[in-house]
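Computed from the coordinates by the stated procedures, all read-outs in this text should not be read as laboratory data. Bear in mind that the values here come from a model prediction, so they are computed numbers and not experimental data. Quick reminder, even Gly has a Cβ in these numbers, built from the backbone with ideal geometry, and neighbours come from all protein chains shown.
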C-alpha cells in the first residue's frame, strides 16, 4: 500500500474516532452530504465528507482539500476554527 493511501486511511480513522459533534449538512445532486470532520495539520488540511450510501447500502466517505472535487461536488473552503467546509455543485 502506498504511503499516501496509508496516511489518508489513518487520518480518516482518527477523524472518525475523534469526530466533533458538528452536524453540518447540505443537499446536493448526489443527496445529503454531512461534514464528518476536519483534519487540520500544519501542511495538510482536509474535510472528511460523508456522502449518501451507494446502491448496496455501503457508506461513502471522501477526504477533500480546498479546490478538490469528488464527482459533482467541489470543496471551496475549509474553516477549522468554525467547523465549516463549503462545497459547490459543478456539473
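Estimated at 0.36 nm per residue, the fully extended path between residue 68 and residue 44 surpasses their Cα-Cα distance by 7.3 nm. Taken along the Cα-to-beta-carbon direction at a fixed 7 Å, the label points for residue 34 and residue 82 span 2.3 nm.
A protection proxy built from the mean count of other Cβ atoms within 10 Å ranks the segments 49-58, 35-44, most packed first, as 35-44, 49-58.
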